[in-house]
Amino acid sequence: MSSVSETAVPRERPLGRLTRRVAVLRRGGFVAVLVALPVVYGIRDLETTGSLSRLGENLLQGVSNGLVWALIALGYTLVYGIIGLINFAHGDVFTIGSFTTVGLIGTLGLTLATGPLGLVAGLLLTLLISMLTCGTLNVMIERVGYRPLRGAPKLAPLITAIGFSFILQNVALLWLGGLPVSLPDLIHAQEVVTTVFGIPIERADLLAVGTAVPLVVLFTVFVARSRLGQAMRATAQDAQAARLMGINVDTTISLAFLLGGMMAGAAGLIYALYQTTVWYFQGFQAGLIAFTAAVLGGIGSVKGALAGGIIIGVIQQISDNRIGLQWTPAVVFAYLVLVITLRPQGLFGVEGREAG
Amino acid sequence: MSVDAPAMLAAGRRRVTELPRWSARLGWLALLAIAAVLPLLFDATSGFIDDSVVALVYVVMALGLNVMVGFAGLLDLGYVAFFAFGAFTVGWFASPFFGAASIHVLVPHALHQVPGIHLNFLLVLLVAALLCALVSAIIGLPTLRLRGDYIAIVTLAFGEIIRVFAVNGSTIHIAHNALLTNGRQGITPLDQVKLPFLAPFTELDLRPWYWLALALVVVALFVVVRLRDSRLGRAWVAVREDEVAAVSMGVPLVRTKLLAYAVGGAMGGVSGAVLASYLNTVNADQFAFSFSIFVLAMVILGGMGSVAGVVFGAILVSFINNRLIPDVFAHLPSKLGLDFSLTDLGFGIFGFLLVFVMILRPEGLVPEKRHRLELAEGVASETTGAERR
C-alpha cells in the first residue's frame, strides 16, 4: 500500500549465504510459531483421549473469539494504512462500545423475559447506536488529538493516542465503576444449538459469526468498490498524490476513523453479549490482542486483519483452555514479539514496509 | 518550512566548545547545597521528606527513560520492566525470601541469623544495574530493525510479559522450596538498608533515604550529562534524527542503540531497587503498564531530551500524583456535587496532560533546543503522516 520506508536501514547489499539462511530461518520460524500450539495439543489429545474433539472445540471458540479481534483489528489496520499511526486508544473505543451496549440494554429494558422479536429488534438498535457512538468518538479523537499533529514526528500522535487511551479508560471507570459488571445473559450464550463432529456449537458462536461476517463483508465491499473506499485506498497509497487528484484527504482520514470505530463498536456489543461481563480495563488487553492480529495478518491489509484475528483468537483460546487463563496475556504478547521480530510485514503485508 | 540549519549548528557547537560559566556552576552547587540541607528543616518523618524521596527516585527513573526516548529516540513503553527487575533484585538478594539459602555478604551481624540471601545494599544496586542493563539489551535486540512505533509496542509487550510473570511467579518453583516471586502478596519485609556515614534507614527517620536518593540523582545527572556531550551522545542524536544518514556516517547502529537501552535500563534498575526498598515490598501490582506511562509523562511534560526539563517534569508529575490529586484537589468533585474519588482518575489526568502537552507544547515545558527546532518544523509543515513514512 505504500512505498518502501524512507528510513529503512540500507539493505541493498547482495544476499550472502548467511543472510539467505537467516531469511529461511525467519520464514520457517514464523510458520512454526503459528502452528506450534494447535499441533502440540492436537498430538497430546490424540495420545491421551484418541480424539481431536477438545482441540476442535478450542478451534471453534477461537474462531468466534477471533472474529471479535478481527473487527477491532480492522480499525487498527485501516488507520495505520492511511496515516501510519498505531491508534493506541482503539482498544478503549471498543470498551466504550461494550459499555454503550450495557447502558442501552438497561435503557431499552431488555431482560431475559423479553420476547424473541423484541430482543432481536432491541439488539439491532443497540448494535446500530453502539457502532455510531464508537465511530463518532473515534472521529472526534482524530480531530482533536491526531490531526493537529499530522506531519509531526511519528511518536507525537502515538503519545496523544496513549493519553486518549487513559482518558477513555477513566471515562469507563466513572461510568460503571472499577469492578467487572455483568449483564443479563440475553442470548443464552452457553446454550448448545447443534453438534458437528462432536463439537458443540453454542448460540454465542452463532452471534459472533452472524454479526461479524456480514459486517466484514460490507466493510470489504465498501473499501473495495465504493468511491469513498477508493479515495481511502488512494490516500493510503500516497496522500499527496491523492490530494492533487482532488480527494479531500482530511475527510477521507475521518472516514477511516469512523469505519474503524464502528467496527470496534460492533465488536464491543458481541463481546459484551458473548462474555456477559464488561470491565473498564478490558480494552487494554483486547486492543493489544487485536493489534497483534493486525500485525500478524500484515498491517494495512483488510484480509490480513481477518486472518490474523482468527489465528490469534485460536491461539488465545488454546492458551486460555490449556495453559491457563492467567498466562494468556503473556502468551499473546510473546506472539506479538515473535511476529514482529520474525516477520514484521505479517502474512499479507508488503516486504520492507514495517522493518527499518 | 525548513530547519534553521545554521542555528542548529551554532547550538551544537556552543554546547561542545563552551564550558558552563562559573556563575552557572555556582548556581547549581548552591541549589545542590540547599537540596542537601532541606530535610533538616523538616520533621524526620514529615510528609514532605516522604514525597521528596519518591520524587528524587522518579527523577532518576525519568532520566533513564530520557536516555532512551529523549536522546536516542527509542520510545520504550515497557520501562516498568526495569523497575520490576530492580525491585526483584532487592526481593531476591536482600530479604529472607529464599529461606532455603543462607548467603550473607557484607551485611550487619544481626542479619547473619536470618536465612535467605542478604547482600550489602550497594552490591544490590550494582547487581540491579548490571541485571537491568542485560535485560534491556535483550529486550532491545529484537527491536533493532524496527521503526519507532513498533519499538514502542514490542517494549510494551515485554513489560506486560514480565508483569504476568511477576503476578504468576508465586506458582513457579525455581528450586526446592523456592518460588520465583511472591505474586500479589509481595516480598516483604526487605532487609534494612545500612550504608556507611548514614544513620540506619528506618521509617522513623526518612532523612537517610532522602540523602541516598539525592546522591543517586547527582550521580545520574553527572552520567547523563557527560554521556549526552560525548561521542556516544552525539551518535544517539544522529540515530534519532536520521538513521540512514547516521549509519552512512559510520555510526555503529547496533552498539549505539543497545547502549541507549543498557544505560536507561541500568538507571531504571537502580532507582527501582531503591524505590522497592523504600516501599519495603516487591509486589506484582506495582509493575502495571500505567507505571511506564507515568514515567513517560515526566519525560514528555518536562521536555524530551532536555535534562533540566526531565528533572523538572519528574518532580512536577510526582508532586501532582502525591500531593495535588490526593490532598489538594481531593474534595473538588464532592464540592461540585459529583460522586467520585479524584484519586481513581489519576491516570485520566495524566492522559489529559499527555494530550495537552503534545498538542500545545510538544517540546515540553523546559525544551531542549534541537528538539524544539525539529518539532516546530514538523508541525508547521503541511505534510501528512503517510509521506513521512
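Residues whose amide H falls under 5 Å from that of B:Gly78, counting only those 5 or more places apart or on a different chain, are B:Leu156, with hydrogens built in the peptide plane. Ranked for footprinting exposure by Cβ neighbours inside 10 Å, fewest first, A:Trp279, B:Trp22, B:Trp209, B:Trp236 give B:Trp22, A:Trp279, B:Trp209, B:Trp236. Shielding of peptide A:235-241 by partners, expressed as the average count of other chain Cβ atoms within 10 Å per residue Cβ, is 3. Between B:Leu123 and B:Ser334, the simple spin-label model (points 7 angstrom out along Cα→Cβ) gives 5.0 nm.
Oblate is the label for chain A, because the ratio a/c of its alpha-carbon gyration tensor axes (a ≥ b ≥ c) is 1.5 or higher and a/b is not greater than b/c.
A simple spin-label model places pseudo-atoms 7 Å from Cα toward Cβ; at A:Leu18 and B:Val366 they are separated by 4.5 nm.
Working note: Karplus 6.51/-1.76/1.60 with θ = phi - 60° gives region A:133-149 the couplings 4, 5, x, 4, 4, 4, 5, 5, 4, 4, 4, 7, x, 9, 4, x, 9 Hz, where Gly and Pro are set to x. Assuming charge only on the beta carbon of Lys and Arg (+1) and of Asp and Glu (-1), the dipole of the protein assembly as shown about its Cα centre is about 2200 debye to the nearest 20. Segment B:Phe222..B:Ala245, full-extension length gain: 5.4 nm, with 0.36 nm per residue of separation and the alpha-carbon distance subtracted. Evaluating 6.51 cos²θ - 1.76 cosθ + 1.60 at θ = phi - 60° for every residue in region A:159-167, the Karplus couplings come out as 5, 5, 4, 4, x, 5, 4, 5, 4 Hz, glycine and proline recorded as x.
Check cross-link reach from B:Lys257 to the lysines: straight Cα distance under 20 Å, and skip same-chain residues fewer than eight apart. The qualifying lysines are A:Lys154. Placing +1 on the Cβ of every Lys and Arg and -1 on the Cβ of every Asp and Glu, with no other charges, gives chain A a dipole of roughly 1240 debye about its Cα centre. Counting other Cβ atoms within 10 Å as a rough exposure proxy, the listed residues B:Lys257, A:Lys154 run A:Lys154, B:Lys257 from fewest neighbours to most. Sequentially through region B:223-234, phi angles give Karplus couplings (6.51, -1.76, 1.60; θ = phi - 60°) of 4, 5, 5, 5, 5, 4, 8, 9, 4, 4, x, 5 Hz, Gly and Pro residues having no value and appearing as x. Working from Cα pairs under 8 Å separated by at least six residues, relative contact order for chain A is 34 percent.
For the segment B:352-361, counting C-beta atoms of other chains within 10 Å of every residue's C-beta and taking the mean gives 6. Projecting the Cα atoms of A:Ile159, A:Pro116, A:Ala272 onto the charge dipole of chain A, computed from C-beta unit charges around the Cα centre, puts A:Ile159 farthest toward the positive end.
How would region B:135-254 be classified by its alpha-carbon gyration tensor: rounded, prolate or oblate, with rounded meaning a/c under 1.5 and the a/b versus b/c comparison settling the rest?
Oblate, because a/c is 1.5 or more while a/b does not exceed b/c.
Counting only DSSP H runs of at least 4 residues, each contributing -39500 (n - 2.57), and dividing by the residue count of chain A, the helix-based mean residue ellipticity at 222 nm comes to -24000 deg cm²/dmol. Taking label points 7 Å from Cα along the Cα-to-Cβ direction, A:Phe197 and B:Ser341 give a separation of 5.2 nm. When the Cα positions of A:Gly229, B:His176, B:Trp211 are compared along the charge dipole of the protein assembly as shown, A:Gly229 comes out farthest toward the positive end, with charges on each C-beta of Lys, Arg, Asp and Glu. Comparing mean-square fluctuations of B:Ala30, B:Ala238, B:Ala260 from a GNM of chain B with C-alpha springs under 10 Å, the top value falls on B:Ala30. Evaluate E = 1/(1 + (r/R0)^6) for A:Leu228 and A:Thr136, where r is the Cβ-Cβ distance and R0 equals 25 Å; express this FRET efficiency to the nearest 0.05. E between A:Leu228 and A:Thr136, to the nearest 0.05, is 0.90. Counting charges near B:Phe42 (Lys, Arg +1; Asp, Glu -1) among other residues having Cβ under 13 Å from its Cβ returns a value of -3. Based on C-alpha pairs under 8 angstrom that are at least 6 apart in sequence, region A:241-356 has a relative contact order of 23 percent.
Calculate the mean, over all residues of peptide A:165-177, of how many other protein chain Cβ atoms lie within 10 angstrom of the residue's Cβ.
5
For the protein assembly as shown, the square roots of the Cα gyration tensor eigenvalues, ordered a ≥ b ≥ c, give a/c of at least 1.5 with a/b greater than b/c, which places it in the prolate category. Of interest is the spacing of the C-alpha centroids, which for region A:183-214 and region A:35-93 amounts to 17 Å.
Distant-in-sequence amide contacts of A:Glu202, defined by a placed amide H-H separation under 5 Å and a gap of 5 or more residues or a different chain, comprise A:Val193. Each of B:Thr89, A:Thr95 has some number of other Cβ atoms within 10 Å of its Cβ, and from fewest to most they run B:Thr89, A:Thr95. Taking every alpha-carbon pair under 8 Å whose residues sit at least 6 apart, chain B reaches a relative contact order of 27 percent. Under a 5 Å amide H cut-off, with hydrogens placed 1.01 Å from N, A:Phe348 pairs with A:Gly298 among residues at least 5 apart or on other chains. In terms of the mean number of neighbouring beta-carbon atoms within 10 Å, the peptides A:45-53, B:124-132 order highest first as B:124-132, A:45-53.
The numbers here are math on the coordinates, done by the rules we state, and not lab data. Remember, predicted model here, so these are calculated numbers, not experimental data. Here Cβ is always computed from backbone atoms with ideal geometry, including for glycine, and neighbour counts include all displayed protein chains.
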